Amino acid sequence: MKQIIKLHDKFFKPYIGADKLKQAVKRLVDEVYNDLGEDEEPIFIGILNGSFMFAADFVREYPANCEVSFVKLASYEGLNSKGKVNELVGLSEDLTGKTVVILEDIIDTGNTLAKIYDIFEHLPVKQLKLVTLFFKPDVFKKSLHIDYIGISIPDKFIVGYGLDYDGFGRNLKDIYQLKDSKMKNIVLFGPPGAGKGTQASLLKDYYNLIHISTGEIFRCNIREKTELGILAKSYMDKGDLVPDKVTIEMLEKQVDKDLDVAGFIFDGFPRTKSQAEALDVFLAKKGEQIDGMVALEVEEDELVKRLLERGKTSGRPDDQNETKIRNRFNEYKTKTEILKEYYDKQGKYYGVVGLGNIDEITRRLKKVIDQL
Ligand code: AMP
């Protein structure tokens, strides 16, 4: 599965896959070949370092005789394109009378392109063509001609397939995009029956977050009779917690499905200290963290009443019998409640009174979440 990656201090998310790159390269080759014709023997000149992978794939696809060379024109040093472009190095071929096709990895402001034109236009070539794999139309400031464009992209920093961030990332087969937005990640906490599910579905719409309820995912798996569902059922029916390893793996898979979102509301996860620790490690790998644990505080006796009431309509076996319900509270008290302390130590615990009508409680929760 494709992941968020870290290069130096920055995080990048998967953006354009190798398959799509291959298609774009193939299309560019076809366009160039159709224009030049089978009798033309062009010299392809890749602009180093960024174009080495693109140029290699491009010329491998090219169906007619051709020459290949590389020159160097450094322009990026950090995340921003600099106005100044260095001198050209490495051109040893005599290009007189030749069809020259420049292969660029990316054109953004057009500063590098201007320098290329400056140099090549004064050479006695037969014709000069320019191919770029990526193009950023929003920042291109020049009125220079580009003959062939592979993929137009927004003005966001990318790495991979030859392109780097301060030297790293060139070896990646796919293109990754700088992940710039900070997510809002909330653990909605509270004992069984506190109203986490109800509140989470209201909050997710309001804040545009993804709601992940581990209980709901397990129930869905039970309905679909998956291997995971069959395993989880044996624990859930008794009101026991499903083993950490299983739950953590499932949660991580679920989060990885949605890499580019405003954030998550975790409902029913974490439920043990090792789940909380695993979540911290997992999010840190993506440059993310839990911003707050927001807990609905409700008395146990009130909750038992609520759950027995819910059991009449929910169809959940673990809601229908007081012994099972009491066991869920026991699990909560012995394994889950300590998480208050876990998040409190990090200054992330926020208790909210969970008694009252739904709107009232939502308002209280929003007041806390707005500040996170
Ligand atoms: P819930 O819908 O959150 O009340 O969860 C229902 C049941 O699913 C729990 O009683 C557990 O058996 C199981 N479950 C849900 N989330 C977790 C978790 N994070 N860790 C272990 N078991 C869980």
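Of the residues I43, I4, I16, only one is under 30 Å from L283 (Cα atoms), modelled with pLDDT of 95 or more and surrounded by 13 or more Cβ atoms within 10 Å (Cβ to Cβ); which? Show your work before the answer.
Working: I43 fails: under 30 Å from L283 (Cα atoms); I4 fails: modelled with pLDDT of 95 or more.
Going through I43, I4, I16 in turn, the sole match is I16.
Could you list, in sequence order, the residues of the stretch 94-123 that are among the charged types (D, E, K, R), part of a helix (DSSP H, G or I) and crowded, with 18+ Cβ neighbours inside 10 Å? It would help to see each step written out before you state the result.
We begin by selecting, within the stretch 94-123, every residue among the charged types (D, E, K, R); these are 94, 98, 104-105, 108, 115, 118, 121.
If we keep only those that are part of a helix (DSSP H, G or I) as well, we get 115, 118.
Result: K115, single match.
Have a look at A278, A284 and point out the one that is within 12 Å of the ligand (Cβ to nearest atom), out of contact with any strand residue (DSSP E or B) (no Cβ under 9 Å at 6 or more places or on another chain) and in the same structural domain as A194 (by TED's automatic domain parsing).
Numbers: A284 fails: within 12 Å of the ligand (Cβ to nearest atom).
Exactly one of A278, A284 is within 12 Å of the ligand (Cβ to nearest atom), out of contact with any strand residue (DSSP E or B) (no Cβ under 9 Å at 6 or more places or on another chain) and in the same structural domain as A194 (by TED's automatic domain parsing), namely A278.
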Can you pull out every residue in the stretch 254-266 that is within 14 Å of the ligand (Cβ to nearest atom) and without any contact (Cβ under 8 Å) to a residue 60 or more places away in the chain?
Q254, V255
By my count, strands (runs of 3 or more DSSP E) wholly in the stretch 1-74 with at least 2 residues that are of a type in the set (D, E, K, R), assigned by TED's automatic domain parsing to the domain that holds K115 and touching a residue at least 24 places away in the same chain (Cβ under 8 Å) are 10-16, 67-72
Given (1) touching a residue at least 60 places away in the same chain (Cβ under 8 Å); (2) assigned to a strand (DSSP E or B), index of the condition F134 fails:
(1)
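Do you know which residues across the stretch 239-256 are touching a helix residue (DSSP H, G or I) at 6+ places or on another chain (Cβ under 8 Å) and of a type in the set (D, E)? It would help to see each step written out before you state the result.
Of all residues in the stretch 239-256, those touching a helix residue (DSSP H, G or I) at 6+ places or on another chain (Cβ under 8 Å) come to 239-244, 246-248, 250-252, 254-255.
Listed by number, the residues that qualify are D240, D244, E252.
The values are calculated or read from the model by the stated rules, or taken from the named source; none is laboratory data. Keep in mind the model is a prediction, meaning the values are calculated, not measured. Backbone-built Cβ (ideal geometry, glycine too); neighbour counts: all protein chains shown.
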